[in-house]
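Student: First the structure, then my questions, so here it is.
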Amino acid sequence: MRVETPLASSVEARLRNQARLLDLAQLRPSTVDEALTVFLRTAGETLGVERSSYWSLTADGAAITCEKLHLASAGTFQSGGRLDAATYPAYFEALRGLPRIVAHDAVNDPETREFANGYFDAHGIGAMLDVPVWRDGRIAGVLCHEHVGPARTWSIDEQDFAHAVANLLALGLETLARTRAEERFRLAARATGEVIWQWDFATDEVSWTDSLREAFGFDVGGVTTADWWRARVHPGDRDRIVSSTASTIASGDSSWSGEYRFAYADGRFAHVRDRGFVTRTDAGAPLRMTGSMQDVTDRKALESRLILADRLASIGILAAGVAHEINNPLAYILGNLDYALDALASTHGVDSDVLGALRDAHLGTQRITRIVADLKPLSRAQDDAAKPVDVDAVVRSSLAIGKHQIQRRGAALVVELGAPPPARATEARLGQVVLNLLVNAAQALEGRDGDALEVRIRTGTAEDGFVYIEVTDTGCGIPPAVLTRIFDPFYTTKPAGEGTGLGLSICHTIVTSFGGDILVDTDPHTGTTFRVLLPRAEGVLDEERARTPPAVSARLRVLVIDDDANVLTVVERLLGEHDVSTCSNAREGLQRALTERFDVIVCDVVMPDLSGVAVFERAVAERPELARRFLFCSGGGATQAEQDGLVRTSQPLLEKPFDAVALRSAIFAVGRAPAS
């Protein structure tokens, strides 16, 4: 026998149901527990059932577990309990296949009678009205209404009401989940500096966290269309990125990632790393993609600078090796020419044709010496701390390397050096700045015709006391829209393959590290001037050695240790007025330094088996007084450890190639030092 429900199918009842549904629709719970409390109490009271509950489906679909149960007579709530699909297969099949399970006589209904022995008996249940709760295209759980007592008939109004409550509950749970996700997104974005986003494929809308405004300057209220995002991907990357996201969505893959350029609100482009994860239905249909975007522009700049530094280090090693290999033969060529010139001048007169030829050879050798010297900054990537630097000398060295870039464009090169006081800088890094500005000036002349093509470089002292270097070109100038960005990393107006966008950025970094500044003045008709301002050095430059050594009254005993026999020969010739002993083996030279008395010990730095620094340290360890007698000489190519050793010893250094005057001056300076 079936019992009629206490809820009459009347207009008043329908209005009451609609009013309660409206209340539920307007509910804004802050937690899942709060939502379930209100929904279950409302459903139970409206349908007049003792037990109303929500059961969630496990991730594998093998069971449902009770999240919350409302007991109407006691006005209390409970939780806990589990029902397995393996024990109740008919019910789970109905749950997956029917929009609702309507069991007027639950004990005998084919979908629910599995519960008769045990569950129904224990609770006195006679009728059930269960509605699946769907989220993201799959069953998330079930809303259960269990009548305690005999069988009852569920009216169509009751069934529709229960179905509507289940749909509102699904919407409420989805809203809560999204709110929690957005909060997690905001917290994650704040902690990591990433922009969290979610792309809803049904609406084609993308929701963004507030960090979109903080990172890229866009104030879009948190929501845009996918087309808005696509339009802000750099045109050079757009097809690749749009294609890869579409392929991930269509292929069934669960994750996507990519790196591309994305616009800032001011029109600049950032390098971003983006990744997302696709949520799908049980059938595999894509629902949404959730992901995070990170601005990696600074990281990219650092990587490029590290690559550039690595390349410069390689060039430096090559330059040091080349300088060392050239300087050794240059040393004995120049020394022998000095020796020959002195000898012939005393026997053939100063107007001899042979002497003229030798003087020309001597000039040519000195020119080679200057060219090799211009390579030295490249071999000093780790130039010491800022110190007094001769700005004009740095400019001349940079011009020797960079002037060909200007001349091959048919432009005039005008050099106006104003002999400013020493600036606080490092030779190598300042040389890099000057060379970069010269190359930029040459490239600015591309496409300009006429006889007025010119690059001018000037040095001097500004009114505020700063030392300046100006590089001016008569090129096309810099557009105003570009001017504010020329010192940004990676920004370049040059064609692909002709610029990294790092040159001016590195120049700015170098100059500001010296405590200076780099300014630009440009005009599309007259060209561009870059002005480098450097602070004056507190100290002064070392005075150049006197080119004529003072007379030496005493004959000095000199030991020369060098692995190049030709260098030994020319030193012996040039120091004919002294008693010179030579050693081409470092260990043999060390032994002689320890066992014999010498006024000066000239020791090469770079030698096989034992370096000059090692010879010095071993000699001084046994005979400390020898420290004042050492004179190092080097043609370059020293390792970092050897360079550090030279600094540690504080001994004088004679750089190859040297001429007769430089050698004799150095020998005199060491030889006249008082004995310990």
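The values are calculated or read from the model by the stated rules, or taken from the named source; none is laboratory data. Predicted model only: the values in this text are computed from it and were never measured. Heads up, the Cβs are rebuilt from the backbone with ideal geometry, glycines too, and the neighbour counts pull from every protein chain shown.
Student: Tally the residues that are in contact with a Phe, Trp or Tyr (Cβ under 8 Å, 6 or more places away or on another chain) and surrounded by 18 or more Cβ atoms within 10 Å (Cβ to Cβ), restricting the search to segment 44-75.
Tutor: Counting residues in segment 44-75 that are in contact with a Phe, Trp or Tyr (Cβ under 8 Å, 6 or more places away or on another chain) and surrounded by 18 or more Cβ atoms within 10 Å (Cβ to Cβ) gives 7.
Student: With respect to the numbered conditions (1) closer than 26 Å to ASP338 by Cα; (2) surrounded by fewer than 17 Cβ atoms within 10 Å (Cβ to Cβ), which one is the sole condition not fulfilled by LYS656?
Tutor: Among (1) closer than 26 Å to ASP338 by Cα; (2) surrounded by fewer than 17 Cβ atoms within 10 Å (Cβ to Cβ), the lone unmet condition for LYS656 is (2).
Student: Still on this structure, please answer the following. I'd like the residue in segment 220-262 that is among the acidic types (Asp, Glu) and in contact (Cβ under 8 Å) with a residue 24 or more places away in the chain and, out of all such residues, is nearest to TRP199 (Cα to Cα).
Tutor: First, pick out the residues of segment 220-262 that are among the acidic types (Asp, Glu): 227, 237, 239, 253, 259.
From what's left, in contact (Cβ under 8 Å) with a residue 24 or more places away in the chain: 237, 253, 259.
Values: ASP237: 20, ASP253: 16, GLU259: 18 Å.
Ranking the qualifying residues of segment 220-262, first place goes to ASP253.
Student: Still on this structure, I have one more. Going through segment 509-532 one residue at a time, which ones are surrounded by 14 or more Cβ atoms within 10 Å (Cβ to Cβ) and in contact with a helix residue (DSSP H, G or I) (Cβ under 8 Å, 6 or more places away or on another chain)?
Tutor: Within segment 509-532, ILE510, VAL511, PHE514, ASP517, ILE518, THR522, GLY527, THR528, PHE530, VAL532 qualify.
Student: If you don't mind, there's one more thing I want to ask. Scan segment 67-82 for residues that are in contact with a Cys (Cβ under 9 Å, 6 or more places away or on another chain) and either in a loop (DSSP other than H, G, I, E, B) or closer than 15 Å to ASP130 by Cβ (or both) and report the count. Show your work before the answer.
Tutor: First pass over segment 67-82, keeping only residues in contact with a Cys (Cβ under 9 Å, 6 or more places away or on another chain): 69, 78-82.
Those left that are additionally either in a loop (DSSP other than H, G, I, E, B) or closer than 15 Å to ASP130 by Cβ (or both): 69, 79-81.
Counting residues in segment 67-82 that are in contact with a Cys (Cβ under 9 Å, 6 or more places away or on another chain) and either in a loop (DSSP other than H, G, I, E, B) or closer than 15 Å to ASP130 by Cβ (or both) gives 4.
Student: Among (1) farther than 19 Å from ASP160 by Cα; (2) of a type in the set (Ser, Thr, Tyr); (3) buried (at least 17 other Cβ atoms within 10 Å of the Cβ), there is one condition THR37 misses while meeting the rest; what is its number?
Tutor: Evaluating THR37 over (1) farther than 19 Å from ASP160 by Cα; (2) of a type in the set (Ser, Thr, Tyr); (3) buried (at least 17 other Cβ atoms within 10 Å of the Cβ) leaves (3) as the failure.
Student: Next question, about the same structure. Of these, LEU363, LEU378, LEU438, LEU399, which one is more than 29 Å from VAL647 (Cα to Cα), modelled with pLDDT under 75 and aliphatic (A, V, I, L, M)? Spell out the reasoning first.
Tutor: Values: LEU378 fails: more than 29 Å from VAL647 (Cα to Cα); LEU438 fails: modelled with pLDDT under 75; LEU399 fails: modelled with pLDDT under 75.
So the residue among LEU363, LEU378, LEU438, LEU399 that is more than 29 Å from VAL647 (Cα to Cα), modelled with pLDDT under 75 and aliphatic (A, V, I, L, M) is LEU363.
Student: Sticking with this one: Applying the selection to segment 198-219, what residues are surrounded by 15 or more Cβ atoms within 10 Å (Cβ to Cβ) and assigned to a loop (DSSP other than H, G, I, E, B)?
Tutor: Correct list: PHE201, THR209, ASP210, PHE218.
Student: Turning to a different aspect of this structure: Taking segment 553-606 as the region of interest, how many residues are outside any loop (DSSP other than H, G, I, E, B) and either surrounded by 21 or more Cβ atoms within 10 Å (Cβ to Cβ) or without any contact (Cβ under 8 Å) to a residue 40 or more places away in the chain (or both)? Quick ask: steps written out before the conclusion?
Tutor: Within segment 553-606, the subset outside any loop (DSSP other than H, G, I, E, B) is 557-561, 565-574, 579-583, 586-595, 600-604.
Then keep just the ones that are either surrounded by 21 or more Cβ atoms within 10 Å (Cβ to Cβ) or without any contact (Cβ under 8 Å) to a residue 40 or more places away in the chain (or both); that gives 558-561, 565, 567-568, 570-572, 574, 579-583, 586-595, 600-604.
Number of matching residues: 31.
Student: Ok, one more. Please pick out the residue among PHE598, PHE658, PHE616, PHE630 that is under 16 Å from ALA331 (Cα atoms) and aromatic (Phe, Trp, Tyr).
Tutor: Values: PHE598 fails: under 16 Å from ALA331 (Cα atoms); PHE616 fails: under 16 Å from ALA331 (Cα atoms); PHE630 fails: under 16 Å from ALA331 (Cα atoms).
From the options PHE598, PHE658, PHE616, PHE630, the qualifying one is PHE658.
Student: Which residue out of ASP310, ASP298, ASP342 is closer than 30 Å to ASP274 by Cα and modelled with pLDDT of 75 or more? I'd like the intermediate steps shown before the answer.
Tutor: Numbers: ASP310 fails: modelled with pLDDT of 75 or more; ASP342 fails: closer than 30 Å to ASP274 by Cα.
It is ASP298.
Student: Sort through ALA106, ALA85 and tell me the only one that's more than 19 Å from VAL49 (Cβ to Cβ), in contact (Cβ under 8 Å) with a residue 12 or more places away in the chain and surrounded by 18 or more Cβ atoms within 10 Å (Cβ to Cβ).
Tutor: Numbers: ALA106 fails: more than 19 Å from VAL49 (Cβ to Cβ).
Only one candidate passes the filter, namely ALA85.
Student: If you don't mind, there's one more thing I want to ask. If a residue must be touching a residue at least 60 places away in the same chain (Cβ under 8 Å) and more than 24 Å from SER79 (Cα to Cα), how many such residues does segment 21-36 contain?
Tutor: Residues flagged as touching a residue at least 60 places away in the same chain (Cβ under 8 Å) and more than 24 Å from SER79 (Cα to Cα) within segment 21-36 amount to 2.
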